[in-house]
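A short worksheet on the structure shown next.
Taken together, the values in this text are just the output of simple stated rules run on the coordinates, not laboratory data. Remember, it's a predicted structure, so these values are computed and weren't measured experimentally. We place every Cβ from the backbone using ideal geometry, glycine too, and count neighbours over all the protein chains shown.
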Amino acid sequence: MLGAGAGQSAWRRVVVYVVLGLLAVVFLFPIVLMVLTAFKTTPEIFRNPFGLPQEWTTQGFRTAWSRASFGLYLRNSLLITGSSAVLLLLTAAPAAYALARYTFRLRGVLFLFFLAGIMIPIRLGILPLYILMRDLGLIDTPFALILTYTASGMPMSVFLLSVFFRNLPRELEDAARIDGAGEQGIFWRIMLPLVRPGLATVVIVNVVPWWNDFFFPLLFLPSKTWRTIPLGMQIFFGQHLIDWSLVFSGMLLASLPLLIIYVLMSRQFIAGLTAGAVKG
Amino acid sequence: MFLTPALVIYGAFMAYPLISSLTYSVFDWDGLLRRGFVGLQNFVTVLTRWPYHERFFNALGHNAVFFGLTFLIQTTLGLFVAVLLARKLRGFAFFQASYFLPHTLSLVVVGFLWRMLLNPNWGALPQALRRLGLGDWVQPWLGQSDTALVSVILVNAWAWLGFPILVYVAAIQAIPREFEEAAVVDGAGGWQLFRHVTFPLLLPSLAMVTILTFIWDFNAFELVFVMQGPSGAPAYATDLLATFFYRTAFGDPTTGGEPGQIGIAAAIGVLMLLIIGVASAFGVRFMTRSQTEY
């Protein structure tokens with residue numbers, strides 16, 4: 001977009017920066033406040049809500065870590081999100097590959113079958129899903145969440161990866177076949193490494209909502225053993241709402257892993273998420 | 001062979017539950033046990049019988065307001081900001097990254113954070129207003145029935161807006177420069193350029209983001225659950241279809257309310273599926289029709 005005249009455009013530029021700056025304050029200030037408040041004592045939060053902490057304290061963090069079993073929730077969240085990502089890649093990639101590179105009778109139908117799930121939130125099937133998990137004895141185990149997350153990520157991932165696979169040149173495959181490589185070998189050793197950017201996109205698009213999910217843990221994890229961070233925090237905050245220092249420390253602890261990753265690699269994040277959205 | 005694992009997981013844990021929730025809605029249920037076939041009786045109950053029909057239409061209205069207000073914010077403010085950002089001036093990567101930052105927080109954290117920030121006695125926003133001499137403006141926004149829903153929607157917009165902005169910026173930057181240059185050579189000013197060149201080319205992205213927003217807003221659950229409780233306090237003023245569904249299906253542990261009614265809950269779920277399905281079908285049709293190849 002081009003500015004009109006030179007004199008006007010300098011003014012415009014100032015206005016643009018002011019507008020964008022104000023908006024950045026709206027988005028960032030609550031988060032900055034959360035970070036600062038987490039290091040204050042509860043009386044200081046009430047007395048001095050905006051300034052830097054007069055005496056930095058980590059009491060809230062220590063209490064949250066010991067009494068809220070934050071370490072346990074962190075381990076559970078890592079394990080569940082990580083396993084779901086691995087399982088999703090191991091299942092979605094071969095499926096996308098088959099749909100993109102082979103011709104067979106049911107291909108069109110199967111592709112549509114996967115595609116149909118992109119628009120439908122899996123939550124709407126929660127009742128049969130809950131009963132299925134109960135009948136399989138998976139309630140209160142991490143497998144209920146891992147299977148649900150993998151299934152819900154499948155349509156978008158199969159679609160995205162099939163786009164990546166379709167763009168690979170045919171000659172690669174033919175050359176490998178002439179060299180005597182089997183179909184499995186071609187896929188795992190030659191084709192899969194070539195779609196690494198696609199695999200990264202799939203992981204980014206899915207891991208954020210899984211890590212932050214509250215709905216399925218709420219229903220599938222009634223006891224404490226496998227609680228994830230969002231559920232554990234919600235229950236803990238509900239019981240300790242008067243202790244502001246503790247709640248703010250807990251919120252910061254809960255958000256820290258994704259915040260750090262985001263700050264370190266916001267470029268890849270943004271690229272991955274827009275790729276997921278624009279192609280969907 | 002490549003396809004089997006994906007088909008099994010997707011089929012068993014997504015396709016099967018979604019399809020069979022349709023059949024759940026036409027049976028009578030005793031707790032988690034299925035009884036006889038009752039046809040459309042559960043739907044009749046949801047739509048005509050007290051208290052279900054009152055709660056259903058109450059929640060449906062709230063979801064509509066939720067979507068309407070969010071749509072308004074993202075297609076005015078969001079689109080405006082995206083147009084500014086798309087010029088790639090110095091420092092814009094920072095702005096874009098900061099608008100998206102709240103999107104990475106869990107809605108549980110977003111909900112509790114804003115509950116604290118809006119607390120009428122000690123919250124940061126009321127304290128700031130008091131220091132500015134605007135103490136009269138302070139209200140228990142989340143506790144009054146006429147302000148609670150709008151407050152929750154604005155909190156949601158805070159966490160959500162980064163996503164539409166991101167997509168719009170990417171879509172604007174994908175428009176070939178020659179289009180804009182040609183329009184400028186033809187004497188088009190800033191607004192005309194936007195109205196006749198940028199905007200029509202953005203329609204597919206706008207439609208797509210709108211569909212995603214609709215689906216998301218008609219499934220919204222966490223924020224109300226965390227900020228206002230499972231029955232959408234005060235007095236169902238923030239109740240949504242998903243919280244209503246949750247209470248009907250799993251009972252309400254906090255108020256000891258009505259016990260689980262699987263059949264009726266399934267009917268609510270099917271109605272939600274219908275609303276989302278019809279709306280997205282319209283949206284997708286609009287999107288494909290407005291697509292331009294370039």
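Restricting things to alpha carbons, find the Rg to Rh ratio for the stretch B:52-139 using the Kirkwood radius for Rh.
Working: Rg = 17.9 Å, Rh = 16.5 Å.
On the Cα set of the stretch B:52-139, Rg over Rh gives 1.09.
Mind checking A:108-114 for the average number of partner chain beta-carbons within 10 Å of each residue's beta-carbon?
Details: counts 0, 0, 3, 0, 0, 4, 6.
Mean number of neighbouring Cβ atoms from other chains: 2.
Please report Rg (one decimal) and Dmax (integer) in Å for the Cα set of the stretch A:129-220.
Answer for the stretch A:129-220, Rg first and Dmax second: 17.9, 53 Å.
What average number of partner chain Cβ atoms lie no more than 10 Å from the Cβ of the residues making up A:240-252? Intermediate results must be reported in sequence, preceding the final value.
Working: counts 0, 4, 0, 0, 3, 0, 0, 4, 3, 0, 2, 8, 2.
The per-residue average across the peptide is 2.
When the expected Rg is taken as 2.2 N^0.38 Å, what fraction or multiple of it is the alpha-carbon Rg of the stretch B:1-121?
Working: Rg = 23.0 Å, N = 121, 2.2 N^0.38 = 13.6 Å.
With N residues counted in the stretch B:1-121, Rg over 2.2 N^0.38 Å equals 1.69.
Please list, ordered by chain and number, the residues whose modelled amide H lies under 5 Å from the amide H of B:W29; skip anything fewer than 5 residues away on the same chain.
The list, which skips near neighbours in sequence, is B:R35, B:G263.
Of all the stretches in chain B, which is the longest one without any exposed loop site, taking trypsin sites (Lys or Arg not before Pro) in a DSSP loop (any state but H, G, I, E, B) with at most 15 other Cβ atoms within 10 Å? It would help to have the intermediate numbers written out before the result.
Values: sites that count: B:R49, B:R87, B:K88, B:R90.
Of all site-free stretches, the longest is B:91-294.
Could you work out the percent of alpha carbon pairs in the stretch A:96-173 separated by over 19 Å, rounded to a whole number?
Values: 1486 of 3003 pairs.
Considering the stretch A:96-173, 49 percent of its Cα-Cα pairs are separated by more than 19 Å.
Among the helices of chain A (complete DSSP H runs), which have Cα atoms covering no less than 18 Å along the helix axis and a Kyte-Doolittle mean of at least 0.5? Intermediate values should be presented prior to the final figure.
Working: long enough: A:6-38 (47 Å, 1.85); A:70-101 (46 Å, 1.16); A:142-166 (34 Å, 1.34); A:196-212 (24 Å, 0.79); A:244-264 (29 Å, 2.09); A:266-279 (19 Å, 0.46).
In chain A, the long hydrophobic H runs are A:6-38, A:70-101, A:142-166, A:196-212, A:244-264.
Provide, as a two-decimal number, the C-alpha radius of gyration of chain A over 2.2 N^0.38 Å, N being how many residues it has. The partial results should precede the final answer.
Values: Rg = 24.0 Å, N = 280, 2.2 N^0.38 = 18.7 Å.
So the Cα radius of gyration is 1.28 times the expected 2.2 N^0.38 Å.
How many percent of the alpha carbon pairs in chain B exceed a separation of 26 Å?
Details: 24784 of 43071 pairs.
Here the long-distance tail beyond 26 Å is 58 percent of all Cα pairs in chain B.
Who wins for biggest fluctuation among B:A15, B:A235, B:A82 in a Gaussian network model of chain B, springs between alpha carbons below 10 Å?
B:A15
May I ask for the percentage of alpha-carbon pairs in the stretch A:1-121 that lie more than 26 Å from each other? Could you put the intermediate results ahead of the total?
Working: 4646 of 7260 pairs.
Looking at the stretch A:1-121, the distances longer than 26 Å represent 64 percent of pairs.
State the three equivalent ellipsoid semi-axes of the stretch B:89-188, derived from the C-alpha gyration tensor as the square roots of 5 times its eigenvalues, in descending order and whole Å.
Values: eigenvalues 295, 54, 36 Å².
Here the semi-axes work out to 38, 16, 14 Å.
Just to be sure I follow the definition: excluding the sites themselves, where is the longest run in chain A that has none of the chymotrypsin sites (Phe, Trp or Tyr not before Pro) in a DSSP loop with at most 16 other Cβ atoms within 10 Å? Please list the in-between numbers first.
Details: sites that count: A:F50, A:W56, A:Y102, A:F104.
Maximal segment without exposed cleavage sites: A:105-280.
Would you mind giving the mean number of other chain beta-carbons within 10 Å of the Cβ of each residue in B:175-182, as a whole number? Kindly include the intermediate steps, with their values, before the conclusion.
Values: counts 1, 0, 2, 0, 0, 2, 1, 0.
Other-chain Cβ atoms within 10 Å of each residue's Cβ, averaged: 1.
Tell me what the protein assembly as shown gives for mean residue ellipticity at 222 nm when only DSSP H runs of n ≥ 4 count, each as -39,500 (n - 2.57), the sum divided by the residue total, rounded to 500 deg cm²/dmol.
-21500 deg cm²/dmol
Taking the convex hull of the Cα atoms, report for the stretch A:70-120 its projected area averaged over all directions, in nm².
Values: hull surface 18.3 nm².
Spelled out: convex hull of the Cα atoms, projected over all directions, averaged, 4.6 nm².
Using only the alpha carbon atoms of the stretch B:98-257, find the Kirkwood hydrodynamic radius as the inverse mean reciprocal pair distance, in angstroms to one decimal. Let's see the in-between values first.
Values: mean 1/r = 0.0537 Å⁻¹.
Here the Kirkwood hydrodynamic radius works out to 18.6 Å.
Give the whole-number value, in cubic angstrom per residue, of the convex hull volume spanned by the C-alpha atoms of the protein assembly as shown.
On the way: hull volume 104.4 nm³, N = 574.
Taking the convex hull of the Cα positions in the protein assembly as shown, it is 182 Å³ per residue.
Given the C-alpha centroids of the stretch A:205-280 and the stretch A:39-97, what is the distance between them in whole angstrom?
7
So what is the relative contact order for the stretch B:129-278, in percent, with contacts set as C-alpha pairs under 8 Å and at least six apart?
Numbers: 122 pairs, mean separation 27.5, N = 150.
Rounded, it is 18 percent for the stretch B:129-278.
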